Amino acid sequence: MFYREAGQYKTSYAADMAVFPIRQDLIGVLLMLAVAYVAIPMFGSEFFLSSVMIPFLVFSLAAIGLNVLTGYTGLISLGTGAFMGVGAYACYKLTTIFPGVNIIVWIVVSGFFSALVGVLFGIPSLRIKGFYLAVATLAAQFFLQWCFVRIPWLYNYNASGAIEVAQRTLFDIPITGARATPETRYFVLLTIVVVLTWFASNLVHGRIGRAWMAVRDMDIAAELMGIKLLDTKLLAFAVSSFYAGVAGACMMFLWYGGGEASDAFNINQSFNILFMVIIGGLGSLIGSFFGAAFISTLPTVLKFGLPAIGIPLAGATAEHLTHIVVGGLIIFFLIVEPHGLARLWQIGKQKLRMWPFPY
Amino acid sequence: MRAPGDGHGTTAGEVLLAVEGVSLSFGGVKAITDVSFDIRKGEIRAIIGPNGAGKTSMLNVINGFYHPQQGRIAFKGETRKRMRPYVAASQGIARTFQNVALFKGMSTIDNIMAGRTLKMKTGFFWQCLRHGPALNEEIEHRKFVEEIIDFLEIQAIRKMPVGKLPYGLQKRVELGRALAMQPDLLLLDEPMAGMNLEEKEDMSRFIIDVNNQYGTTIALIEHDMGVVMDLSDRVVVLEYGRKIADGTPAEVSADQKVIDAYLGVPH
Amino acid sequence: MDILYKVLIDPFVQMGAAPDLLVQTVWEGLVSGVLYALIALGFVLIFKASGVFNFAQGIMVVFAGLTLVGFHEMGVPAILAVILTLGVMFLLAVSVERVVLRPLVNQPDIILFMATFGITYLLIGFGELIFGGNPKRMIAEELYLPTGSIEFQTLGGFVQLQKIDIAAAVIAAIMIAALAFFFQTTRIGRALRAVADSHKAALSVGISLNQIWVIVWFTAGIVALVTGIMWGARSDVSFALQVIALKALPVLILGGFTSVPGAIVGGLIIGIGEKIGEFYWGPLVGGGIESWLAYFIALGFLLFRPQGLFGEKIIERI
């Protein structure tokens, strides 16, 4: 009843082309931003912020990145984890060499390094397609993972072989390191995610997004229409890896606060993010958020939720159960709705528009 | 939009595209053998022939998707031997496909807008912001696309995903996407295949209108002889990859070799 | 110049200086190549018959191995345990067909590919839940597999061959021959090849797709069990194998997704290539290049021959 476009007439193409053509959608997004910026930090506990919201936001960013590549451009990548790693290590090196520059700048800039590496490994995509390309991205995954371990320069020759996050401040408030509060880290991360999501939304709704989707849906026709395949694909690789890189830097600096980097960026991480994109919905930005929310909170929910309702669970069992649940849900979702949570969301909105009529 | 050209029925225009002695083979299979013909500015040129005569391969050669082993192609007076499809498109060759090759996951508008890609220039930075030049450009091209949508009478399906449209409409959207490129030469690969009579009449009307209103030169492959005879100014006939006849519809339909090719020769 | 010498000349000098080491390295590569080839074979069977890129083949190997050891730990005699495990693999094939493939028929390839990810996770979860996450020892002696090694006095040194490796190669060869015989001569084999060519055409002449799918997935299950036994006998049965099983992917790229001979030759090339690469060039960059060399070999190869070793050149049509 509250969600319909009746009475909202479009008088210009600009209005018709808006990302949120229905006013209620815009209000909804503003409301969500308000919740994210005001309500959650106000009412959420530290545990909620650092164990639920921060992982969720980091994974959302990575999922958006992979969605650009796989969902919008139709190129499967199994190397997202490694591209995240490139971002994390680039950020680490940059802030070590230039400690004076603000860390937020470096987090964003590290995305460009990741983009560069992504483009490099995307070059084979001109000649190879589909599953073959997936294997090519595995080359990136394993090679980069090897670099993270074997090139001590990357981790500043630390004895632990891990990234050690030093304290960095903004207006004298620590935003990374041990003394940064979950609230500050959350605000910084949230802002990065909001801005980058806005960019991604603009990209996919414009010329570039159309070129990506054209390549995905019918590459030969796209080529014959004058869309340069290699350029388009490489741009998708660059943008995708940029997002992954920023997500990786955020993961290390705003979430983990340092640690076993080679574990965080392994092949399983790549798969994880792929699942988020599939379950959320290929070719949907909002779906990336749904997928990230789902997969990143599931282990936490199983680990803390089940004992809370009286089902005792050993730590390892929770992990095994997560595997089973995730596996089962992937199959379930693919069968029920191959287009993921995003499509369910759309159907829901459609029903709401028609309500109380079924059609 | 461009000023209307000299329109339907003119055959005296200058040569827009010349195919000279083109041969194409895949491994040992010869698809096209030493074919030459030309397409003049403003005309509707039909390419006909039995199945497997090499018609689609010919179109593929013209827009740079296949590279012939022998022969040359001159477009707008510029001769080329090998070129990328991208170059053909940017020089003004657009086409539709035998089996509809739309972007199935995109809406009608987005499909036709995609045809404007070559004409859109704003850079990555503005695309990220979708304000200023990028937005203006988007609106400007949207206006052009809306004109095509009006022209093809597909206003009602503007925002539908094309994968869900019936076949006839998909063919129409595909024509719209090609028109969005404002081509000088439009290649239509069986634009009426699988259509019923009414849809065929509609499509014929659009083709004539495109030719009349925009002066677009058209080369089309079609199996329906009635349509070919009515629409085209000149016809080239292929059989087993060779040219067997070339001329006005009346000349061609009287040609003994063409009659043999279509009806078979008694042995 | 020094670096060029180290990369381009020195490794070959070493090869010439100690031919016995070279033979030993090639043999090691051959053996892991056989195992890669076996996993790739499972992939190819399923891909040919159902167009599904079965990501779960690696975990099926682990799962089959764990089940076998699990049954034996429960006190079941080894041979009976093998038969019971085959039963489990059959049940797995039936349930995959019922629960996953049948509802997803006619979906795009990528959806089916993703579904096999789901199967992978389910199998990992169940495997860990039932058998625990710890590596297990394969019951090699109980299955009458040879142990110990043979040493050859040759080429100015000696070459050592593990008997189990020889057995693995022989068994793999026998199995491949049996499969080839099965597919070439039996009615089911013919139906299977028909399905591989075209699902729709096969359906139209009355071949039951569902039945064929169960058969291929079961066959892939048998291949998985054999692979699991062989691999387990060399090291242990553990989930770590799953990542190693990914090496079957570059093998597939080399051999082509639909070619059984391709899988075998590809497996051997990858196996030998990465062992030689690791042994002679690995030390130059600190070692461990085995983890990615296979992918780069495949990638380099792909750039020159996108259709694989045995694939036919694809003519794109529109």
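Being among the polar types (S, T, N, Q) and within 23 Å of C:LEU145 (Cβ to Cβ), is that true of even one residue in the range C:236-251? Spell out how you get there, then give the answer.
First, the residues of the range C:236-251 that are among the polar types (S, T, N, Q): C:238, C:242.
Adding the requirement that they be within 23 Å of C:LEU145 (Cβ to Cβ) leaves C:238, C:242.
Checking the range C:236-251: at least one residue is among the polar types (S, T, N, Q) and within 23 Å of C:LEU145 (Cβ to Cβ).
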> Can you name the number of the only condition in (1) assigned to a loop (DSSP other than H, G, I, E, B); (2) surrounded by 15 or more Cβ atoms within 10 Å (Cβ to Cβ); (3) out of contact with any Asp or Glu (no Cβ under 9 Å at 6 or more places or on another chain); (4) not polar (S, T, N, Q) that C:GLY75 fails?
Replying inline: (2)
> When the residues of the range B:132-186 are filtered to those that are in contact (Cβ under 8 Å) with a residue 40 or more places away in the chain, β-branched (Val, Ile, Thr) and in a helix (DSSP H, G or I), which remaining residue is farthest from B:ASP38 (Cα to Cα)?
Replying inline: B:ILE157
> Tell me, which helices (runs of 4 or more DSSP H) lie completely within the range B:49-131 with 3 or more residues that are more than 30 Å from B:THR33 (Cβ to Cβ), at the interface with another protein chain (Cβ under 7 Å from one of its Cβ atoms) and not small (Gly, Ala, Ser)?
Replying inline: B:124-129
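Has the range C:87-98 got any residue that is basic (Lys, Arg) and without any contact (Cβ under 8 Å) to a residue 12 or more places away in the chain? Working first, answer last.
First, the residues of the range C:87-98 that are basic (Lys, Arg): C:98.
When the remaining residues are screened for being without any contact (Cβ under 8 Å) to a residue 12 or more places away in the chain, the result is C:98.
Yes, the range C:87-98 contains at least one residue that is basic (Lys, Arg) and without any contact (Cβ under 8 Å) to a residue 12 or more places away in the chain.
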> B:PHE103 versus (1) within 22 Å of the chain's Cα centre (by Cα); (2) surrounded by fewer than 23 Cβ atoms within 10 Å (Cβ to Cβ); (3) among the aromatic types (Phe, Trp, Tyr): which is the lone unmet condition?
Replying inline: (2)
> Could you list, in sequence order, the residues of the range C:48-60 that are closer than 18 Å to C:LYS247 by Cβ and either in contact with a Ser or Thr (Cβ under 6 Å, 6 or more places away or on another chain) or at pLDDT below 85 (or both)?
Replying inline: C:PHE53, C:ASN54, C:PHE55, C:ALA56, C:ILE59
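Residues are listed down the side, and each one gets a yes or a no for (1) surrounded by 18 or more Cβ atoms within 10 Å (Cβ to Cβ); (2) part of a helix (DSSP H, G or I):
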residue	(1), (2)
B:GLU198	no, yes
B:GLU201	no, yes
B:PHE206	yes, yes
B:GLN213	no, yes
B:VAL227	yes, yes
B:ALA245	yes, no
> Any idea which of (1) outside any helix (DSSP H, G or I); (2) modelled with pLDDT of 90 or more; (3) among the hydrophobic types (A, V, I, L, M, F, W, C) is the one A:ALA63 doesn't satisfy?
Replying inline: (1)
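Filter the range C:232-285 for residues that are outside any loop (DSSP other than H, G, I, E, B), of a type outside the set (A, V, I, L, M, F, W, C) and within 22 Å of C:LEU68 (Cα to Cα); which is farthest from the chain's Cα centre (by Cα)?
Going residue by residue through the range C:232-285, those that are outside any loop (DSSP other than H, G, I, E, B) are C:232-234, C:237, C:241-245, C:248-255, C:260-285.
After this cut, where a residue has to be of a type outside the set (A, V, I, L, M, F, W, C) as well, the list is C:232, C:234, C:242, C:250, C:255, C:261-262, C:266-267, C:271, C:273-275, C:277-278, C:280, C:282-283.
Filter again for within 22 Å of C:LEU68 (Cα to Cα), leaving C:232, C:234, C:242.
Details: C:GLY232: 13, C:ARG234: 15, C:GLN242: 11 Å.
In this case the residue turns out to be C:ARG234.
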>> Checking A:LEU230 against (1) crowded, with 24+ Cβ neighbours inside 10 Å; (2) more than 9 Å from chain B (Cβ to nearest Cβ); (3) under 20 Å from B:GLY115 (Cα atoms): exactly one of these is not met. Which one?
In response: (1)
>> Out of the residues in the range A:117-134 meeting the condition of being among the hydrophobic types (A, V, I, L, M, F, W, C) and free of Cβ contacts under 8 Å to residues at least 24 places away in the same chain, tell me which one is farthest from C:GLY300 (Cα to Cα).
In response: A:LEU120
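In this structure, is A:VAL336 out of contact with any strand residue (DSSP E or B) (no Cβ under 6 Å at 6 or more places or on another chain), surrounded by fewer than 18 Cβ atoms within 10 Å (Cβ to Cβ) and at pLDDT 80 or above?
It is true that A:VAL336 is out of contact with any strand residue (DSSP E or B) (no Cβ under 6 Å at 6 or more places or on another chain), surrounded by fewer than 18 Cβ atoms within 10 Å (Cβ to Cβ) and at pLDDT 80 or above.
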> If you go through the range A:304-323 one residue at a time, do you hit one that is under 30 Å from A:LEU116 (Cα atoms) and touching a helix residue (DSSP H, G or I) at 6+ places or on another chain (Cβ under 7 Å)?
Replying inline: no
>> I need a count of the residues in the range A:212-226 that are under 13 Å from B:ARG116 (Cα atoms), within 7 Å of chain B (Cβ to nearest Cβ) and of a type in the set (Gly, Ala, Ser).
In response: 2
> Can you tell me how many residues in the range A:233-268 are part of a helix (DSSP H, G or I), buried (at least 24 other Cβ atoms within 10 Å of the Cβ) and not aliphatic (A, V, I, L, M)?
Replying inline: 10
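From the list C:PHE158, C:PHE152, which one is surrounded by fewer than 13 Cβ atoms within 10 Å (Cβ to Cβ), farther than 30 Å from C:ARG102 by Cα and aromatic (Phe, Trp, Tyr)?
Working: C:PHE152 fails: surrounded by fewer than 13 Cβ atoms within 10 Å (Cβ to Cβ).
That would be C:PHE158, the only listed residue that is surrounded by fewer than 13 Cβ atoms within 10 Å (Cβ to Cβ), farther than 30 Å from C:ARG102 by Cα and aromatic (Phe, Trp, Tyr).
Which residue, of C:ALA40, C:ALA81, C:ALA56, is more than 13 Å from chain A (Cβ to nearest Cβ) and crowded, with 18+ Cβ neighbours inside 10 Å?
On the way: C:ALA40 fails: more than 13 Å from chain A (Cβ to nearest Cβ); C:ALA56 fails: more than 13 Å from chain A (Cβ to nearest Cβ).
Result: C:ALA81 is the single residue among C:ALA40, C:ALA81, C:ALA56 that is more than 13 Å from chain A (Cβ to nearest Cβ) and crowded, with 18+ Cβ neighbours inside 10 Å.
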> β-branched (Val, Ile, Thr), away from chain B (no Cβ under 14 Å) and surrounded by 23 or more Cβ atoms within 10 Å (Cβ to Cβ), is that true of A:ILE175?
Replying inline: yes
> Which condition breaks for B:LEU187 when tested against (1) more than 15 Å from the chain's Cα centre (by Cα); (2) crowded, with 23+ Cβ neighbours inside 10 Å?
Replying inline: (1)
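Assess whether C:LEU92 counts as being within 14 Å of chain A (Cβ to nearest Cβ) and not in a helix (DSSP H, G or I).
Working: within 14 Å of chain A (Cβ to nearest Cβ): yes; not in a helix (DSSP H, G or I): no.
Here the answer is no, as C:LEU92 does not meet what is asked.
The values are calculated or read from the model by the stated rules, or taken from the named source; none is laboratory data. Keep in mind that this is a model prediction, so the values were computed, not measured. Every residue, glycine among them, receives a Cβ derived from its backbone with ideal geometry; neighbour counts consider all protein chains shown.
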